[in-house]
Amino acid sequence: MKKILVPFLLVLLMAACQSHDGYTIEGTLEGENIEGTELTLRKYAEGNQLITVDSATITNGSFTFKGAPTNSPELHYIFFGKGQENIPMIVENGTIEIEAQRDSLAFAKIGGTTQNELFYDFLKGSRVLSRKASSMNQDMRAAQAKRDTVSMNALREEYFELMEEAKEYELNYVKNNPNAIVSAIILYRVMATKAKENSEVQELYNALTPEIQESNTGVKIKEALEKDANTSIGAKAPNFSAPSPNGDQLALNEVMGKVTIVDFWAAWCRPCRQENPNVVRVYNKYKDQGLSILGVSLDRNADDWKKAIQDDGLAWHHVSNVQYFDEIAKLYNVDAIPATFILDENGIIVAKDLRGASLDAKIGELLQ
């Protein structure tokens, strides 16, 4: 199912000399009833899981975290107590300084190291947009209470404009700060949400400094761009094999036709199921002219997968590892479904993600 994500800066806000001796985070926190409260330093690991790296206790309004040298600056969060309030910051070698108020953690001042100074500049600019979003939410609640549809519609339009403004702010920051790890983080999210074509992402990536390109996030961008290039239009489609519904191994190169559709879908994916009747019509219309389809299911349950094939009348080849977004999805850089790749008789990708009448027209054109 297609994923909808808000810009990176709104997620963050609503939610120097380098040392080779590791990092130290020195913070002060003002507020009532905070003495003895535990803070936890966390980060996102593989699988988008939030893990705890370290913990500290507030003593006399201060706290300290210390860690071993890091190879790459990385985004972390300091969580207050057992709640979800947190302070985003960059862990890097050196002494990082944080000043915060208990009732406004999102507006904490961070600095002391190069990347945190750059990050703080980013946050200061984005807080203007955050305040606009907060004010807009309040106005929307008031309009809803009054059932004022005119104001509600106007606020929705303003919200979409604000989202575009936020995206523009992020991209301008990346362009103007090629030496900031935040630029790489933003760029990675831009690529993941497909907010920009990969050609534009590649251009922005090329402009990053070597240090940022070689960071953990920079390497992820490079790998994603290389993987996408392997399944871009004009590339040879990677071959793969997986179990068919009867348990036999079936490979893509065994079912190639004059035109072949590789269709990533799943029984649980509503947009996929809604598009299936159209794919059935296209298949029935062109199968005798050389159209072949290989459905690649990203289901977790084999019975659900097989039942959906029968219920939707998908009378073509199917495979699945029944492992959700598995190695085949990774091979084709698929992180959301439905996703389709149209191949010519030589296995060259000639089109991607066509649906409805566009799919019919393209298949007809290729089989002329």
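The values are calculated or read from the model by the stated rules, or taken from the named source; none is laboratory data. All values reported here derive from a predicted model rather than from experimental measurement. Note: ideal-geometry Cβ built from the backbone for every residue, glycine included; neighbour counts use all protein chains shown. These area figures cover heavy atoms from the full protein model, side chains too; ligands, DNA and RNA do not enter into them. Shrake-Rupley method; radii C 1.70, N 1.55, O 1.52, S 1.80 Å.
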Please find, among Ala133, Ala145, the residue that is open to solvent by 50 Å² or more (accessible area, probe 1.4 Å), assigned to a helix (DSSP H, G or I) and farther than 12 Å from Met89 by Cα. Ala145
Of these, Val350, Val296, which one is touching a Phe, Trp or Tyr at 6+ places or on another chain (Cβ under 6 Å) and in a strand (DSSP E or B)? Val296
Looking at region 83-106, which of the residues that are surrounded by 15 or more Cβ atoms within 10 Å (Cβ to Cβ) and in a helix (DSSP H, G or I) is modelled with the lowest pLDDT? Ala106
Selection from region 240-253 of residues in contact with a strand residue (DSSP E or B) (Cβ under 6 Å, 6 or more places away or on another chain) and exposed (fewer than 13 other Cβ atoms within 10 Å of the Cβ) yields Gln249
Would you confirm whether or not region 222-234 contains a residue that is outside any helix (DSSP H, G or I), at pLDDT 90 or above, at positive phi and of a type outside the set (Val, Ile, Thr)? yes
Out of all the residues in region 25-46, is one or more at pLDDT below 90, within 30 Å of the chain's Cα centre (by Cα) and under 23 Å from Ser130 (Cβ atoms)? no
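Any chance you could count how many residues in region 254-267 are open to solvent by 70 Å² or more (accessible area, probe 1.4 Å) and either outside any loop (DSSP other than H, G, I, E, B) or under 19 Å from Asp353 (Cβ atoms) (or both)? Walk me through how you get there before you give the answer.
Residues of region 254-267 that are open to solvent by 70 Å² or more (accessible area, probe 1.4 Å), as a first pass: 254, 258.
Of the ones still in play, those that are also either outside any loop (DSSP other than H, G, I, E, B) or under 19 Å from Asp353 (Cβ atoms) (or both) are 254.
Going through region 254-267 one residue at a time, the tally reaches 1.
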Checked Glu365, Glu327, Glu345 against criteria (under 28 Å from Gly247 (Cβ atoms), open to solvent by 60 Å² or more (accessible area, probe 1.4 Å) and either out of contact with any His (no Cβ under 7 Å at 6 or more places or on another chain) or modelled with pLDDT under 95 (or both)); the one match is Glu327
Would a scan of region 294-302 turn up a residue that is among the small types (Gly, Ala, Ser), open to solvent by 30 Å² or more (accessible area, probe 1.4 Å) and closer than 26 Å to Gly47 by Cα? yes
With respect to Glu211, determine if the residue is at pLDDT 95 or above and of a type in the set (Asp, Glu). yes
Output the number of the condition that Asn276 fails; it satisfies all remaining conditions of (1) farther than 20 Å from Lys330 by Cα; (2) under 29 Å from the mean Cα position of the chain (by Cα); (3) open to solvent by 10 Å² or more (accessible area, probe 1.4 Å). (3)
Can you find even one residue in region 149-156 that is assigned to a helix (DSSP H, G or I), hydroxyl-bearing (Ser, Thr, Tyr) and open to solvent by 20 Å² or more (accessible area, probe 1.4 Å)? yes
Scan region 174-198 for residues that are within 17 Å of Val219 (Cα to Cα), open to solvent by 10 Å² or more (accessible area, probe 1.4 Å) and over 12 Å from the mean Cα position of the chain (by Cα) and jot them down. Pro178, Asn179, Asn198
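Tell me which residues, restricted to region 279-293, are open to solvent by 30 Å² or more (accessible area, probe 1.4 Å) and either polar (S, T, N, Q) or within 26 Å of Asn239 (Cβ to Cβ) (or both).
Residues of region 279-293 open to solvent by 30 Å² or more (accessible area, probe 1.4 Å): 281, 283-285, 287-289.
Scanning region 279-293 gives Tyr283, Asn284, Lys287, Asp288, Gln289.
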Quick check, is Gln310 over 22 Å from Leu366 (Cα atoms), at pLDDT 95 or above and open to solvent by 40 Å² or more (accessible area, probe 1.4 Å)? yes
Within region 314-347, work out how many residues are in a helix (DSSP H, G or I) and charged (D, E, K, R). 2
Could we say that Asp139 is acidic (Asp, Glu) and open to solvent by less than 70 Å² (accessible area, probe 1.4 Å) here? no
